[in-house]
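Have a look at the structure below, then the notes.
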Amino acid sequence: MKVNKLLKIVSVIVTISLLLSNNAVAKTQEYEVQDMKLELSEDVIILDHDLETSSPLWEQAGIEDVKSQKEEYNKMGVVASFYKKQTDTYINLLCKTSTKSHDIYNMSELSEDELDTFIATLMESTDENTKIQAERYDHAQVPFYKLVINVTGSNQPITEVIYGTIVNGVSITFDIYNPNGDTVDETFLKEVVDPLTFTKIVPREEAYRLENESKMKLIIVAVVIAILILSMYIIGKKRSKEKNNRKKERIKKIEDFRVKLRSNKEEGIVEKILFENNIDYDKNVLKEFIIYNRFVKHTVMYVILALLFLVILYLGISSDSSIISILVVIALGGGFIYAQINAMNKQIEIYTKRYEKPENNCILFYENYFSVKKKGSVMDYPYLQIHKVSQYKEYIFVYIGSDTAIYLHKEKFTTGTVEEFLEYIKKHIDKI
């Protein structure tokens, strides 16, 4: 009986001890940044750029001017600051990139001799009032270094302790200092650094390969764009020269035509009307022409620009370009589209004022020319003045300039049919 009672008492004591030990385990909080996962005790206050200015945590950490503190973080390159109220201690986490950090890329890939040489360079100082001690610091996952910096010769000596490493080309340091110049208690620093783990470590050779691929893609894009621009320039110059030559020839032929037409009219010679189209020029007609002339007519060009934009965007995303760069590309594309639509709407607004009331136009097509008759005027045009003929919805646009056209309605032919007209006018354009 005594043995059984003793066993029961021992069992109760063990159970109570286990419960007490579980309750005694400190609760932790996780914080992830720069491919790192930190496990911090629950009483640690985390201050970073994402923390709202109005958060009470700033006040709890003893910081009154939050705006100035955030500006100071930006100047120093502080990613986050950890505050422990129990010891009134701050640790600043800094993440920076430099030529040296990029060259080393990962301290874990350095040989023993390379690591010792690198740590030795950290002790170099040009200030005689600054003394730096550097040594390795053991960490479970990657090599760390420890710096103890003593600054004297001022009214207030300072002692600073830094635990740092280089991972993925980024110099990562945890900084704590004592403004009184006394020895720094590193307990809190160890509590932060020792349990941290890196969630992603990219091998240096792999990172360099990806960088080179990204640079090569950008070079290819730049070369392609340069070739396209140069090709467009050369083609444009050639077309411009040809266009000017054709323009001179047309002007001469048009002058000859007008002289002959005037002579025929004076002699009473009138050609037979082959086609007649009566159309009311109104806001709807003009709107459809502007939409066609600004967008539909240039469909191929816009498709090429869209494909080029998508290629640049894809290369930017696949090459790990910064989010800002990608957003800039998207903003430029969106801005271009907005500008085109806005310009079109303004053009519609300006030109439609001319046609508050519908204006009847009678277009007559003869053997060698066509006439546009409207209230109070008649304009004669030789067929050689036609640049091209386009169809859009229920309209036919007879271009007599790069952006100027005579509008016809497919259902408004009073002499001849739309099919006969298109076949006839095509033969004349082919001769031009």
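The values are calculated or read from the model by the stated rules, or taken from the named source; none is laboratory data. Every value quoted in this text rests on a predicted model; they were computed, and no experiment measured them. Glycine also receives a Cβ, built like all others from the backbone with ideal geometry; neighbour counts cover every protein chain displayed.
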Looking for something out of contact with any Pro (no Cβ under 7 Å at 6 or more places or on another chain), surrounded by 10 or more Cβ atoms within 10 Å (Cβ to Cβ) and of a type in the set (Ser, Thr, Tyr) - is there at least one such residue anywhere in the range 253-269? yes
For Phe421, the lone unmet condition from (1) part of a helix (DSSP H, G or I); (2) in contact with a helix residue (DSSP H, G or I) (Cβ under 8 Å, 6 or more places away or on another chain) is (2)
Condition set free of Cβ contacts under 8 Å to residues at least 60 places away in the same chain and under 24 Å from Gln69 (Cα atoms), scope the range 81-128, selection nearest to the chain's Cα centre (by Cα): answer is Ser81
Looking for something closer than 30 Å to Lys375 by Cβ, assigned to a helix (DSSP H, G or I) and out of contact with any helix residue (DSSP H, G or I) (no Cβ under 7 Å at 6 or more places or on another chain) - is there at least one such residue anywhere in the range 244-255? yes
When Phe275 is run through (1) surrounded by fewer than 14 Cβ atoms within 10 Å (Cβ to Cβ); (2) in contact with a Gly (Cβ under 6 Å, 6 or more places away or on another chain), the failure sits at (1)
If we ask which residues in the range 242-254 are within 17 Å of Ile386 (Cβ to Cβ) and without any contact (Cβ under 8 Å) to a residue 12 or more places away in the chain, their number turns out to be 6
- [ ] Assess whether Ile323 counts as being surrounded by fewer than 16 Cβ atoms within 10 Å (Cβ to Cβ) and within 30 Å of Asn212 (Cβ to Cβ).
- [x] yes
(request) Tell me, yes or no, whether the range 196-209 has at least one residue that is among the β-branched types (Val, Ile, Thr), farther than 24 Å from Thr28 by Cα and surrounded by 14 or more Cβ atoms within 10 Å (Cβ to Cβ). (result) yes
* Mind checking whether some residue in the range 306-323 is closer than 23 Å to Gly401 by Cβ, assigned to a helix (DSSP H, G or I) and among the aromatic types (Phe, Trp, Tyr)? -> no
Picked from the range 278-305 (must be β-branched (Val, Ile, Thr) and assigned to a helix (DSSP H, G or I)), the residue surrounded by the most Cβ atoms within 10 Å (Cβ to Cβ) is Val285
In the range 108-158, anything out of contact with any helix residue (DSSP H, G or I) (no Cβ under 9 Å at 6 or more places or on another chain), within 26 Å of Val192 (Cα to Cα) and in a helix (DSSP H, G or I) is listed as Ser108, Glu112, Asp116, Ile119, Ala120
Those residues of the range 306-320 which are in contact with a helix residue (DSSP H, G or I) (Cβ under 6 Å, 6 or more places away or on another chain) and surrounded by fewer than 16 Cβ atoms within 10 Å (Cβ to Cβ) amount to Leu313
Scanning the range 355-397 residue by residue, those part of a loop (DSSP other than H, G, I, E, B) and aliphatic (A, V, I, L, M) turn out to be Ile386
Note on the range 140-158: residues modelled with pLDDT of 90 or more and of a type outside the set (A, V, I, L, M) are Gln141, Pro143, Phe144, Tyr145, Lys146
